[in-house]
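What follows is a single structure, written as structure tokens, with notes after it.
Taken together, the values in this text are just the output of simple stated rules run on the coordinates, not laboratory data. Since this is a predicted model, take the numbers as computed values, not measurements.
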């Protein structure tokens, strides 16, 4: 990689706006999709211009913006505020927003009301966590015109129930449950599926078995349709709340092979390097970033 990587080919103010049908077409062509978290208008513009396909207003803002120990304190009003800001900054990227804890679990009707708030703020899709038991909610939303991204594996909103930030799906029974849940969510109409902290082989198998789902990996190896990272992790800012950098993260501000004290890349260059690495398949490297 060069010291000053150039933006991806479509990274310009004139690239066509990403829509769900266009994302499906790109995925069907075998193009890797690039997702990155974003929380404000300035970074939204920078990430869009660097070629990011999908911006995720993640409830990870609880950790990296608010300094919370988990995503649980984040409210719907806060998610709508950040969604509106990100929507103001972007030109072409597709915008997905997390439904925060406690805003969709009670009933499909509750989920619809929460999702409608986020869609009015500028989201083009909502993301929710959980297995096959959420299929009814996914179906309810998609039948009413709200695209859905599902989320399996490590589900941070359930961190206390699963006993911490641990790799999921390691044994045969757990891997089968992940596939069963993914199948139910696909049948319910989910368009995307984030697979977080699952073994590379499991994520690859789910992606192959359910080609109608666009799978987005984070700590799930290279066999998914695309990749997502938390922006602050990509920029080497992991640890702001006392944590350490996860194994699946690469600090894209550093030029591979350079000395530790060598000048780093700018934010725009770092994001463009991430885009290029996902697109060409060099990130993630399963020997380094996989499970």
- request: Rounded, prolate or oblate: pick one for the chain, where a ≥ b ≥ c are the square roots of the eigenvalues of its C-alpha gyration tensor, a/c under 1.5 means rounded, and failing that, prolate if a/b is larger than b/c, else oblate.
  value: rounded
- prompt: Between segment 268-287 and segment 79-121, what is the C-alpha centre distance in whole Å?
  reply: 27 Å
- request: At 0.36 nm per residue, minus the direct Cα-Cα distance, what do residue 40 and residue 19 gain on full extension? Give it in nm, one decimal, please.
  value: 5.5 nm
query: Which residue, 238, 97, 37, tops the fluctuation ranking in a GNM of the chain built on C-alpha contacts under 10 Å?
result: 238
message: For the chain, set up a GNM with springs between Cα atoms under 10 Å and report which of 16, 108, 147 has the largest fluctuation.
response: 16
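How high is the relative contact order of segment 20-289, given as a whole-number percent (alpha carbon pairs under 8 Å, six or more residues apart)?
Values: 531 pairs, mean separation 48.4, N = 270.
RCO, segment 20-289: 18 percent.
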- line: Most fluctuating of 244, 127, 32 in the GNM of the chain (C-alpha, under 10 Å) is 244
